[in-house]
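The values are calculated or read from the model by the stated rules, or taken from the named source; none is laboratory data. Remember, predicted model here, so these are calculated numbers, not experimental data. Ideal geometry is used to build each Cβ from the backbone, glycine not excepted, and the neighbour counts take in all protein chains shown. Remember, those area values only see protein heavy atoms, side chains included, never the ligands or the DNA or RNA. Shrake-Rupley method; radii C 1.70, N 1.55, O 1.52, S 1.80 Å.
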Amino acid sequence: MHILLASPSASPATLAAGLADLGLRCDDIDALDDLPSVLALSGPYDALVLRIDGSVRDLQATIADLRRRGLNLPIAVLCGRTPQPAEEEALLHAGADDVLANPIHLRVLTARLQALARRARGHASARLVCGNVTLDQAQHAAVVDGRRVNLTAREFDFLETLMLHKGVLLTKERFMTSLYADGMAPDSKIVDVFVCKLRRKLADCGAAEMIRTVWGRGYVAFEPSPTAVEAARSARRPEAAVDPVPRGWTRRSQVLATA
């Protein structure tokens with residue numbers, strides 16, 4: 001996920017670094033007046049986080065202005081204190097999608113942002129489905145008919161971006177923005193490499209083709225037909241399948257964080 005964090009009353013660097021450690025790419029600014037230009041020039045973003053330690057009155061006006069400008073991005077407000085019911089009501093009426101109080105566990109904040117981004121795209125849960133491929137954001141696993149596909153972290157993030165935006169044409173630039181921090185991105189041809197590897201790994205495990213190339217423009221995830229799904233299952237390479245996802249499987253990073 002690509003998040004914009006605006007924090008006018010406190011440095012956003014620590015919070016941005018914490019979210020980045022959990023796999024979110026964060027751009028941060030400290031001036032609310034810069035929001036419209038940053039949103040227009042540095043996106044696209046999956047969510048906007050507004051962090052405020054004092055009065056929420058100015059924030060309410062900022063959110064209402066963004067909505068008047070046509071912004072349909074999920075907006076989460078992170079308050080430095082527990083907001084009064086009237087303040088929370090005003091923020092939600094202005095256009096905020098969620099109002100949270102600090103301190104908040106970063107994993108909880110990440111999960112809330114993922115939920116907001118999913119629902120904005122029409123997904124009701126952390127399990128994204130396309131054909132016979134299921135991507136579980138909570139367990140950080142991609143499975144085909146119950147069997148886990150061996151994906152690297154970058155390949156998983158690439159597939160997640162595709163499935164979150166199923167039916168939407170995504171350019172190479174959009175993928176590069178989602179996958180790499182500023183100054184760390186390789187040549188954009190790496191996108192073609194990701195697509196090639198994903199297609200091979202998914203097909204080997206019996207997944208129907210779900211990634212369509214739009215030449216000269218980018219890639220789009222589409223829903224394969226039932227006939228295509230059955231044909232892909234029949235062509236599955238048994239040696240490519242791995243053991244079913246074990247119960248209670250968690251990301252290695254989560255295990256290390258709690259050790």
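Of note:
- For segment 70-75, Karplus couplings with θ = phi - 60° (6.51, -1.76, 1.60), whole Hz, Gly/Pro x: x, 5, 10, 5, x, 10
- Divided by 2.2 N^0.38 Å, where N counts the residues, the Cα radius of gyration of the chain comes to 1.09.
- Set of lysines near Lys189 by C-alpha distance (under 20 Å), chain-local residues within fewer than 8 positions excluded: Lys172, Lys197, Lys201
- Where labels lie 7 Å past Cα in the beta-carbon direction, separation of Ala101 and Ser125 in nm: 3.1
- Shown is the FRET efficiency for Asp33 and Leu169, computed with R0 = 25 Å from the Cβ-Cβ distance and rounded to the nearest 0.05: 0.15.
- Rounded to the nearest whole Hz, the Karplus-based 3J(HN,Hα) values (6.51 cos²θ - 1.76 cosθ + 1.60, θ = phi - 60°) of segment 34-40 follow the sequence 7, 4, x, 5, 5, 4, 6, with x at glycine and proline.
- Farthest towards the positive end of the charge dipole of the chain, among the residues Ala16, Val99, Pro186, is the Cα of Pro186, using unit charges on the Cβ of Lys, Arg, Asp and Glu.
- Counting protein heavy atoms only, the chain has 51 percent of its accessible area on carbon and sulfur, 1.4 angstrom probe.
- Counting DSSP beta bridges with both ends in the chain, the antiparallel % (nearest 5): 45
- Multiplying the residue separation of Glu209 and Leu41 by 0.36 nm and removing their Cα-Cα distance gives an extension gain of 57.1 nm.
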